[in-house]
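The values are calculated or read from the model by the stated rules, or taken from the named source; none is laboratory data. Values in this document were obtained by computation on a predicted structure and should not be read as measured data. Reconstructed Cβ throughout: ideal geometry from the backbone, glycine too, with neighbour counts over all protein chains shown.
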Amino acid sequence: MVDVLDLGLSPYGDVWRLQLELVGKRKKDLINDTLILVEHPHVITLGKHGNNENIKVSKEVLKEKGVDFYVVDRGGDITYHGPGQLVGYLIFKIQGHIGGIRKFIYFIEDSIIELLRRYNISASRNDSEIGVWVGNDKIAALGLALSDSVTYHGFALNVNTDLRYFDLIVPCGLKDRGTVSMKEILNSEIDLEKIRDELAEILISNWEANSLRVS
């Protein structure tokens, strides 16, 4: 069973602290697997092995633009979150622990690809670069962490995202790749709540059928 928490628009720091609290509870089987769905105010996060040189502007400029900044304990390099982007954090207990994390990433990527297919967007994963891609442009970024057998952090899907904010960074440290949103591809504003509900349904359905799931 998967519980879903819809947090609406919530500050990054508050949701990060909530994740850590839920991870502790999931380890002890005090809660079910939990999917957090949220939008964040403008924020840039740098993974634990990320490169500070991938921030193109100073911290002062970020502050002037109303963009928060966090160094966090997920994999991956640097990314941006903001309004119009659907962010999902997965507090899931998985079989196989470290050995299962790659399959867990595939599960998330494939679920997002399935959603995009419903909107006639042809997307794929790239075995050399984690995430979901439309051609040479990333439409969904992934960055995960694992504590014992419990995953946290997750994905960010560009739905109606203002892509100009990605110009502040080298997204995911990839200088030769771009970013794209569903809105840009379809040339119209997307119903974010509908996307949220559809993706939650796909993720839960796929997870219930997944061999990594702990019964």
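Determine, yes or no, whether residue 50 is in a loop (DSSP other than H, G, I, E, B), under 14 Å from residue 165 (Cα atoms) and small (Gly, Ala, Ser).
no
Kindly indicate the residue of segment 149-177 that is assigned to a helix (DSSP H, G or I) and in contact (Cβ under 8 Å) with a residue 24 or more places away in the chain and also surrounded by the fewest Cβ atoms within 10 Å (Cβ to Cβ) among those meeting that condition.
167
Can you find, within segment 178-215, the residue that is surrounded by the fewest Cβ atoms within 10 Å (Cβ to Cβ) among those that are more than 17 Å from residue 132 (Cα to Cα) and hydroxyl-bearing (Ser, Thr, Tyr)?
This residue is 215.
Look at residue 89 and say whether it is within 23 Å of residue 208 (Cβ to Cβ), among the hydroxyl-bearing types (Ser, Thr, Tyr) and buried (at least 18 other Cβ atoms within 10 Å of the Cβ). Lay out the reasoning, then the answer.
Details: within 23 Å of residue 208 (Cβ to Cβ): yes; among the hydroxyl-bearing types (Ser, Thr, Tyr): yes; buried (at least 18 other Cβ atoms within 10 Å of the Cβ): yes.
So residue 89 fits the description; yes.
Need at least 1 residues that are among the β-branched types (Val, Ile, Thr) and in contact with a strand residue (DSSP E or B) (Cβ under 9 Å, 6 or more places away or on another chain) per element, so show me which strands (runs of 3 or more DSSP E) inside segment 82-148 make the cut, counting only ones lying wholly within it.
On the way: elements: 85-91, 124-126, 129-134, 137-147.
Those strands (runs of 3 or more DSSP E) span 85-91, 129-134, 137-147.
Which condition from (1) more than 26 Å from residue 48 (Cβ to Cβ); (2) at pLDDT below 95 is the one that residue 116 breaks?
(2)
Please go through segment 98-120 and give me each residue that is more than 27 Å from residue 184 (Cα to Cα) and loosely packed, with under 14 Cβ neighbours inside 10 Å, ordered by number. Write out each step before concluding.
First pass over segment 98-120, keeping only residues more than 27 Å from residue 184 (Cα to Cα): 98-104.
Hits for segment 98-120 are 98, 99, 102.
Taking interchain pairs and intrachain pairs at least six residues apart, which have beta carbon atoms under 9 angstrom, with the first residue in segment 182-203 and over 12 Å from residue 160 (Cβ atoms) and the second modelled with pLDDT under 95 and of a type in the set (A, V, I, L, M)?
none
From the list 44, 55, 78, pick out the single residue that is touching a Phe, Trp or Tyr at 6+ places or on another chain (Cβ under 7 Å), of a type in the set (A, V, I, L, M, F, W, C) and under 18 Å from residue 164 (Cβ atoms).
Residue meeting the stated conditions: 44.
Before we move on, is residue 145 surrounded by fewer than 22 Cβ atoms within 10 Å (Cβ to Cβ), touching a His at 6+ places or on another chain (Cβ under 7 Å) and of a type outside the set (Asp, Glu)? Before the answer, list the steps.
Details: surrounded by fewer than 22 Cβ atoms within 10 Å (Cβ to Cβ): yes; touching a His at 6+ places or on another chain (Cβ under 7 Å): yes; of a type outside the set (Asp, Glu): yes.
In short, yes.
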